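The values are calculated or read from the model by the stated rules, or taken from the named source; none is laboratory data. As the structure is a prediction and not an experimental result, all values here were calculated from the model. Heads up, the Cβs are rebuilt from the backbone with ideal geometry, glycines too, and the neighbour counts pull from every protein chain shown.
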């Protein structure tokens, strides 16, 4: 079989748990196809100096190999590493692979850094564009991410390819198996998520309603007014989004749906950042009966302890999807067939 070179994985520190789950799925793929040469997991060291500078050292020969550097930028399980620490770590790892004469270097980033800063409203940086340039300048030929917040970011890359995966099939499959209720309707929590809402509605075979919100841009994460387009009275609501930070959008949309007569409400998102004390807001909202369940993916890994402490939370893995995409790229097969 013709490949792009031997498949080789490198895990940054905050990407180590996600890498393990990718390897578990790759093991299954390779066990079913004996024509493939065994993929390699390459040892590396992430060095942090006294002044907090970071560098990555690759411990094995990777010359001519097809390298995939895995990093989770926002990692709740590693409290001493900031988003910027993890961004710098993946840039040094990509550059280390490039300098080691790898045939190809792909950055595997379940969370694209600074994806919410893709445009300017005042005298400010378009930081998502800067990040795209950082990754390219470091030597990345390709970036694999999932449900990127702004698709315009693809246009920021001059040389590297962007593979933007989608989690809706994984999420809706879990919902059907474990949480499904009759008389459903999908509600998009804001106009910006209307396309995603249509995708979920099509997948679940339901109608679609949309929450229209007017933000107060003088105060961050503040909403001035909300209205609902569609009828949720007497229906069970599925509300999906790409990411949840403070939780304000989902919770306010849920309150509006309850006021309009909705019955059960289920949340889902690809990137459950749950920044700061957001999980406490959801604890309180669940106690009040505002929602009935929340599905998040391990693109932001929460783990068993979090689920035990917050029974409303359900975690599903998108690592197998990343593994199949990595495999298909390596053996020069279609990626889009995995996303249809």
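Observations, loosely collected:
- Residue check: residue 327 meets all listed conditions (1) within 26 Å of residue 194 (Cα to Cα); (2) not assigned by TED's automatic domain parsing to the domain that holds residue 182 but one, namely (1).
- Any hit, the stretch 303-312, residues being out of contact with any helix residue (DSSP H, G or I) (no Cβ under 7 Å at 6 or more places or on another chain), on the phi > 0 side of the Ramachandran plot and free of Cβ contacts under 8 Å to residues at least 40 places away in the same chain: no
- Residue within the stretch 16-32 that is touching a residue at least 40 places away in the same chain (Cβ under 8 Å), over 26 Å from the mean Cα position of the chain (by Cα) and closer than 22 Å to residue 331 by Cα present: no
- Residues that are surrounded by 10 or more Cβ atoms within 10 Å (Cβ to Cβ) and part of a loop (DSSP other than H, G, I, E, B) within the stretch 39-58 comprise 39, 42, 43, 52, 53, listed in sequence order.
- Matching strands (runs of 3 or more DSSP E) fully within the stretch 131-247 where at least 3 residues are free of Cβ contacts under 8 Å to residues at least 60 places away in the same chain and more than 24 Å from residue 71 (Cβ to Cβ): 184-188, 207-215, 223-229, 236-244
- Restricting the stretch 248-295 to residues that are without any contact (Cβ under 8 Å) to a residue 12 or more places away in the chain and part of a helix (DSSP H, G or I), the residue that is nearest to residue 186 (Cα to Cα): 259
- Boolean, residue 118 is surrounded by fewer than 20 Cβ atoms within 10 Å (Cβ to Cβ) and more than 26 Å from residue 21 (Cβ to Cβ): no
- Entry remark, the stretch 246-294: residues being surrounded by fewer than 18 Cβ atoms within 10 Å (Cβ to Cβ) and out of contact with any strand residue (DSSP E or B) (no Cβ under 8 Å at 6 or more places or on another chain) number 15 in total.
- Of all the residues in the stretch 209-229, those that are modelled with pLDDT under 95, crowded, with 16+ Cβ neighbours inside 10 Å and out of contact with any helix residue (DSSP H, G or I) (no Cβ under 7 Å at 6 or more places or on another chain) number 1.
- Flag for residue 63 being more than 18 Å from residue 46 (Cβ to Cβ), in a loop (DSSP other than H, G, I, E, B) and either at pLDDT 95 or above or in the same structural domain as residue 300 (by TED's automatic domain parsing) (or both): yes
- Matching residues, the stretch 70-94, being in contact with a helix residue (DSSP H, G or I) (Cβ under 7 Å, 6 or more places away or on another chain), crowded, with 20+ Cβ neighbours inside 10 Å and either within 21 Å of residue 43 (Cβ to Cβ) or not assigned by TED's automatic domain parsing to the domain that holds residue 22 (or both): 70, 71, 72, 75, 81, 86, 89, 91, 94
- On the stretch given as the stretch 296-319, residues that are farther than 20 Å from residue 265 by Cα and part of a loop (DSSP other than H, G, I, E, B) total 7.
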